[in-house]
Amino acid sequence: MYSEAHEHRWQNRSAHITSEGWIRYAGCHCGAHRVVVDDAVIAAAPENRGDIPAYGK
């Protein structure tokens, strides 16, 4: 899972509705990413691995 070294400030990058509910793709300024269906986090990636630019950079 992603690091909890700081309190993430998740910003939605995109969202769409599916038969499972609203899916939101969010990122933190540190480079961590997550996918949320309604209010449940279903996937999370660690802070920036170096091959993905951090959000807003």
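The values are calculated or read from the model by the stated rules, or taken from the named source; none is laboratory data. Keep in mind the model is a prediction, meaning the values are calculated, not measured. Quick reminder, even Gly has a Cβ in these numbers, built from the backbone with ideal geometry, and neighbours come from all protein chains shown. Surface areas here come from the heavy atoms of the whole protein model, side chains and all, with no ligands, DNA or RNA. Shrake-Rupley method; radii C 1.70, N 1.55, O 1.52, S 1.80 Å.
Here are some notes:
- Looking at Ala15, Ala26, Ala43, just one residue is of a type in the set (A, V, I, L, M), in a strand (DSSP E or B), modelled with pLDDT under 90 and in contact with a strand residue (DSSP E or B) (Cβ under 6 Å, 6 or more places away or on another chain), and that residue is Ala43.
- Annotation note: Cβ proximity below 6 Å between a residue of region 31-51 that is farther than 17 Å from His6 by Cβ and a residue that is modelled with pLDDT under 85 and open to solvent by 60 Å² or more (accessible area, probe 1.4 Å) (sequence gap 6+ or interchain) occurs for Val35/Ile42.
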